[in-house]
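Student: Sharing a structure here in structure tokens format.
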Amino acid sequence: ELEGIHFAMDFLKQFNRYVAAKKIPAKEFIDVKEKKVVVIGGGDTGADCVGVANRMGAKKVTQIEILQKLPNCRPADQPWPMYPKILRTSSSHEEGCERDWSVTTKKFIGSKGHVTKLLAARTDSSMKEIKDTDFEISADIVILALGFLHPDTAGLLNGSKIELDQRGNIKTDENFMTSSKGIFAAGDCRRGQSLIVWAIDEGRRVAEAVNRYLMNT
Ligand SMILES: Cc1cc2nc3c(=O)[nH]c(=O)nc-3n(C[C@H](O)[C@H](O)[C@H](O)COP(=O)(O)OP(=O)(O)OC[C@H]3O[C@@H](n4cnc5c(N)ncnc54)[C@H](O)[C@@H]3O)c2cc1C
């Protein structure tokens, strides 16, 4: 209900329109100039929001993450060629940002209908809140860069017989075919929130699979 709290995708899309010199109605414009911006979510989307907030002239940018801080070096249990889970610092972070880990947000506090701070607490390694660790973070604008989970089932998938996997993504066989014969899936909707390289790879492989299917039917 408080003003000043926005979803990351609204913020990022708006910035793309701004860079493309498209007109943004004043009422919709998320103005962070000279504001204290708190980005909730320590992933890549959060990093993009940090970069955009800096470029738009934010006074201070803070990024908080519920998970623990990752190590700087490759841990012994993740030898090469595994992709190691290590701390990543992007150019967005280098442009200026305070980062904090093991932080959960308990509530937003506001004044006159606008957010002014977050009530936060520390978390343990299982993301559970640690008792008596409450603290506050001052904020004029909060960007929610979290919760990117599975495809939206309210639209195309609603009422379809297409099965989902345990994580809520579209389930396919090794040929990318869903539980509905002749319907295929690839990319984020199948493997979950991922990377462009995987989407390109799966796009190519699903095209081959569709071709094989059509040639045999
Ligand atoms: C903010 C953000 C930053 C990211 N940064 C990076 C990065 O730096 N590097 C990287 O590798 N990856 C990044 N990613 C991830 C990357 O964007 C995705 O992994 C990739 O785009 C997945 O491709 P896709 O084709 O599977 O899905 P998408 O790119 O999501 O494409 C799906 C398309 O389907 C359309 N669609 C949805 N429903 C329907 C429907 N019913 N009918 C018709 N069309 C429909 C959507 O509008 C969309 O255009 C980022 C993601 C986000 C959200």
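Values in this text are rule-based calculations from the coordinates and carry no lab data. It should be emphasised that the depicted structure is a prediction, and the values quoted were computed from it without experimental measurement. Cβ atoms come from the backbone with ideal geometry, glycine included; neighbour counts cover every protein chain shown.
Student: Given the chain reduced to its alpha-carbon atoms as identical point scatterers, what log10 I(q)/I(0) does the Debye formula return at q = 0.15 Å⁻¹?
Tutor: -1.11
Student: Spelling out what I want: for every residue of segment 53-67, take phi, set θ = phi - 60°, compute 6.51 cos²θ - 1.76 cosθ + 1.60 (Karplus), and round to whole Hz; glycine and proline get x.
Tutor: 4, 4, 5, 8, x, 4, 6, 8, 10, 10, 10, 10, 9, 6, 7
Student: Around GLN63, which amide H atoms from residues at least 5 apart in sequence, or from another chain, sit under 5 Å from its own amide H, with H modelled in the peptide plane?
Tutor: VAL39, GLU98, ARG99, ASP100
Student: Please report, in whole Å³, the volume per residue of the convex hull around the C-alpha atoms of segment 151-217.
Tutor: So the per-residue hull volume is 83 Å³.
Student: Report the label-to-label distance for LEU214 and MET9 in nanometres (one decimal), using points 7 Å from each Cα along the Cα→Cβ vector.
Tutor: Going by the 7 Å Cα→Cβ label model, 2.9 nm.
Student: Restricting the count to DSSP beta bridges whose residues both fall in segment 60-127, what percent are antiparallel, rounded to a multiple of 5?
Tutor: Within segment 60-127, antiparallel bridges account for around 75 percent of the total.
Student: With only alpha-carbon atoms in the gyration tensor, what are the semi-axes of the equivalent ellipsoid for segment 99-190, in Å, largest first?
Tutor: Calculated on Cα positions only, the semi-axes equal 40, 17, 10 Å.
Student: Only bridges whose two residues both fall in the chain count here: according to DSSP, what percent of them are antiparallel, nearest 5?
Tutor: Beta bridges within the chain, antiparallel portion: roughly 50 percent.
Student: My understanding is that a pair violates if its Cα-Cα distance is over 24 Å; which of LYS13/LYS85; LYS33/LYS117; LYS35/LYS107; LYS33/LYS128; LYS69/LYS106 do that in this structure?
Tutor: LYS13/LYS85; LYS33/LYS128
Student: Moving to a separate point now. Under 10 Å, Cα contacts only: if you run a Gaussian network model on the chain, which one of ALA47, ALA207, ALA139 comes out with the highest mean-square fluctuation?
Tutor: Sorting by GNM fluctuation, first place goes to ALA207.
Student: Another question, then. Would you mind getting me the FRET efficiency between GLN68 and LEU2? Use the beta-carbon distance for r and R0 = 25 Å, nearest 0.05.
Tutor: Between GLN68 and LEU2 the formula returns 0.30.
Student: Let me spell out the model: positive unit charges on the Cβ of Lys and Arg, negative unit charges on the Cβ of Asp and Glu, origin at the Cα centre of the chain. What dipole size does that give, in debye rounded to 20?
Tutor: Approximately 320 debye in magnitude.
Student: So which trypsin sites (Lys or Arg not before Pro) in segment 1-54 end up in coil per DSSP with only 11 or fewer other C-beta atoms within 10 Å?
Tutor: Passing sites in segment 1-54 are LYS22, LYS23, LYS27, LYS33.
Student: Which peptide among 114-123, 70-79, 189-198 comes first, and what is the full order, when sorted by highest mean count of other Cβ atoms within 10 Å?
Tutor: 114-123, 189-198, 70-79
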